[in-house]
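Right, one structure below, let's go through it.
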Amino acid sequence: MIARVPDVARIGLLGRGTVGAAFHELVVQRADAIAAAAGRRPEIAAVLRRSEGDFDALLEDCEIVVELIGGTEPARDYVLRALRAGRHVVTANKQLVAQFGDELFDAARDAGVQLRFEAAVAGVVPVIRVIQESLAATEITKVFGIVNGTTNFILTEMANTGASYEDALLRAQELGYAEADPSDDVGGADAAAKMAILARLAFHTPVGLEDVTYEGITEIQPDDLAYAKEFGLSLKLLGVAERRDGGISVRVFPCFLYRHHPLAPVEGPFNAVMVEAPAITEITMSGPGAGGVETASAVLGDVVSILTGRAQVHAVREELEVVRDVNSSFYLHLEVADRPGVLARIADVLGRNEVSVRSVVQRGLGDDARLVMVMHECPEASFAKALDEIAPLDFLRSQPRAIRVIEEEFV
Ligand SMILES: NC(=O)c1ccc[n+]([C@@H]2O[C@H](COP(=O)([O-])OP(=O)(O)OC[C@H]3O[C@@H](n4cnc5c(N)ncnc54)[C@H](OP(=O)(O)O)[C@@H]3O)[C@@H](O)[C@H]2O)c1
């Protein structure tokens with residue numbers, strides 16, 4: 001009997017940097033196994049980098065385009081041209097999908113091809129596939145988690161060693177967890193792009209980067225983390241996308257979690273995403289959030305899905321409004337003159353704004369005192385108004401610092 005030689009699936013690779021080179025190697029290593037499982041043998045037919053290759057020739061020569069250049073241009077132009085030419089596209093580029101999702105999905109739908117991007121969110125954690133495929137028939141109410149490994153590493157380092165933000169960032173750069181220019185990660189824009197993608201898929205509604213309210217971790221101080229320990233809290237940069245008041249809210253913010261929360265033990269460069277829905281209660285997925293080989297493996301998983309012809313379910317069902325004023329619970333850190341009546345004045349401001357206090361720790365600092373309070377959940381606008389009234393009070397020694405707290409306790 002003559003063994004059947006599997007068809008070759010020709011891949012055009014755009015970008016051969018950290019992820020692209022790892023992907024190229026992985027394709028070579030795994031080609032036989034994929035051929036056995038999927039019936040077709042993937043092969044890198046052409047490569048385009050700044051220093052080599054020609055896009056038109058690559059397009060002519062392949063049926064799947066893998067975009068691992070990064071950034072928005074020329075990646076957007078290449079991906080659109082590939083989709084319009086009837087090529088399936090796989091990308092790891094979160095900014096591209098978050099900023100130009102509508103245009104890209106329309107182009108893929110019009111051409112009847114797939115656009116896959118598992119590696120764009122939470123690295124190797126298969127959260128996109130779970131939301132798009134496993135939970136396609138489930139009404140998801142909330143998707144949230146730690147979707148940026150760089151900031152999770154920095155916050156873990158600060159909490160475990162007492163390091164300043166600057167020293168923890170340096171350490172992250174030395175270990176390769178942070179880029180030379182870390183602003184997208186530490187400022188929250190990277191996590192915001194990922195949350196825009198997750199919200200779009202979970203709620204079947206168009207969501208762009210401009211719909212996400214985000215903050216980063218650059219203002220976090222070591223003593224915030226020290227006090228948090230006293231309250232049994234750990235600090236994470238959290239992305240939260242949820243249905244609220246008939247619309248959706250998509251936000252990224254540093255936030256304290258109680259010790260029993262499933263995301264509290266997620267440390268270092270790891271990512272973890274939780275999905276909630278009435279039908280499934282909740283699912284938690286975690287794993288490495290980045291890295292060349294890990295990301296390449298998620299990219300190759302998308303290629304295999306295309307080869308096996310697995311249908312991709314993505315359709316906009318309704319246009320949901322973005323709700324910006326939501327309820328949150330806050331931690332408030334104040335340095336004040338240590339004199340009678342101070343606590344009462346602060347309690348008065350909070351009370352008038354309908355913000356109630358859950359716990360307080362007070363410490364003497366010579367003539368001054370440090371007040372650390374955790375509030376019950378209240379409208380963010382009410383808390384912001386109270387903060388505006390507290391900031392100019394004459395007994396305050398420095399700017400108030402506030403960080404959100406997730407109140408749910410998982411026991
Ligand atoms: N690194 C990670 O751990 C990770 C994790 C998740 C997602 N991602 C995403 O994966 C993608 C690739 O990241 P990376 O870390 O592999 O980037 P990288 O190391 O900087 O590699 C970029 C590659 O793109 C090529 N390139 C840049 N500009 C180009 C242009 N104008 N035309 C043609 N080629 C161009 C470069 O060419 P030369 O080789 O000629 O310079 C290089 O080969 C990004 O979207 C990133 O966000 C990365």
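The values are calculated or read from the model by the stated rules, or taken from the named source; none is laboratory data. Just so we're clear, the structure is a prediction, and the values are computed from it rather than from any experiment. FYI the Cβ positions are ideal-geometry reconstructions off the backbone, even for glycines, and counts take in every protein chain you see. We work out accessible area using only protein heavy atoms, side chains counted, and drop any ligands, DNA or RNA first. Shrake-Rupley method; radii C 1.70, N 1.55, O 1.52, S 1.80 Å.
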Need the C-alpha centroid separation for segment 342-411 versus segment 156-178, integer Å. 28
Placing one identical point scatterer on every Cα of segment 143-282 and ignoring solvent, what is log10 I(q)/I(0) from the Debye formula at q = 0.10 Å⁻¹? -0.33
Distance from a point 7 Å along Cα→Cβ of residue 72 to each backbone N in segment 208-240: keep the residues under 13 Å and list them by number. 208-211
Taking the Cα centre of each part, how many Å lie between segment 321-339 and segment 197-252? 14
Principal axis lengths of segment 309-411 from Cα atoms, whole Å, largest first? 70, 29, 23
Using the Karplus curve 6.51 cos²θ - 1.76 cosθ + 1.60 with θ = phi - 60°, what ³J(HN,Hα) values do you get for each residue of segment 296-308, in whole Hz, with x for Gly and Pro? 4, 5, 5, 5, 5, x, 5, 4, 4, 4, 5, 5, 7
Qualifying lysines (Cα of each under 22 Å from Cα of residue 236; at least 8 residues distant if same chain): 94, 142, 194
For the chain, modelled as a Gaussian network with Cα springs under 10 Å, which listed residue fluctuates most, 167, 367, 388? 367
Rounded D (µm²/s) - segment 1-150, Kirkwood Rh over Cα pairs, Stokes-Einstein at 37 °C, 0.692 mPa s: 198
Can you give the FRET efficiency to the nearest 0.05 for residue 133 and residue 160, using r as the Cβ-Cβ distance and R₀ = 45 Å? 0.75
Residue of 47, 273, 127 that the Gaussian network model of the chain assigns the largest fluctuation, springs spanning Cα pairs under 10 Å: 47
Choose one answer from 123, 351, 366: the residue with the largest mean-square fluctuation in a GNM of the chain with alpha-carbon springs under 10 Å. 366
Once ligands and nucleic acids are excluded and a 1.4 Å probe is used, how much of residue 260 is accessible, expressed in Å² to the nearest 10? 110
Over segment 119-263, what is the percentage of antiparallel beta bridges among all DSSP beta bridges, to the nearest 5? 90
Enumerate the amide H contacts of residue 405 below 5 Å, restricted to partners 5 or more residues apart or on another chain; note that Pro and chain-start residues carry no placed amide H. 256, 329, 330, 331
Probe 1.4 Å - accessible area at residue 354, Å² to nearest ten: 150
Tell me the angle of helix 380-390 to the major Cα principal axis of the chain, expressed in degrees between 0 and 90 and rounded to the nearest ten. 40
Over the Cα atoms of the chain, what Rg and Dmax result, in angstrom? 23.9, 94
How much accessible surface does residue 220 have with a 1.4 Å probe, in Å² rounded to 10? 10
Relative contact order in percent for the chain (Cα pairs under 8 Å, 6+ apart) equals 16
Averaged per residue, what accessible area in Å² does the chain show with a 1.4 Å probe, protein chains only? 43
I'd like the FRET efficiency for residue 308 and residue 60, computed as 1/(1 + (r/R0)^6) with the beta carbon distance as r and R0 of 25 Å, rounded to 0.05. 0.50
Taking θ = phi - 60°, what integer Hz values does the Karplus form 6.51 cos²θ - 1.76 cosθ + 1.60 yield along segment 223-230, in sequence order, with x for Gly and Pro? 6, 4, 6, 5, 5, 4, 4, 5
Note down the Stokes-Einstein diffusion coefficient of segment 41-92 in µm²/s, whole number, using a Kirkwood radius over alpha carbon pairs, 10 °C, and 1.306 mPa s. 142
Apply the Karplus parameterisation 6.51 cos²θ - 1.76 cosθ + 1.60, with θ equal to phi minus 60°, to every residue of segment 128-134 and state each ³J(HN,Hα) to the nearest whole Hz, in sequence, with x for glycine and proline. 5, 4, 5, 5, 6, 10, 4
Carbon/sulfur fraction of accessible area - the chain, other protein chains in place, 1.4 Å, %: 48
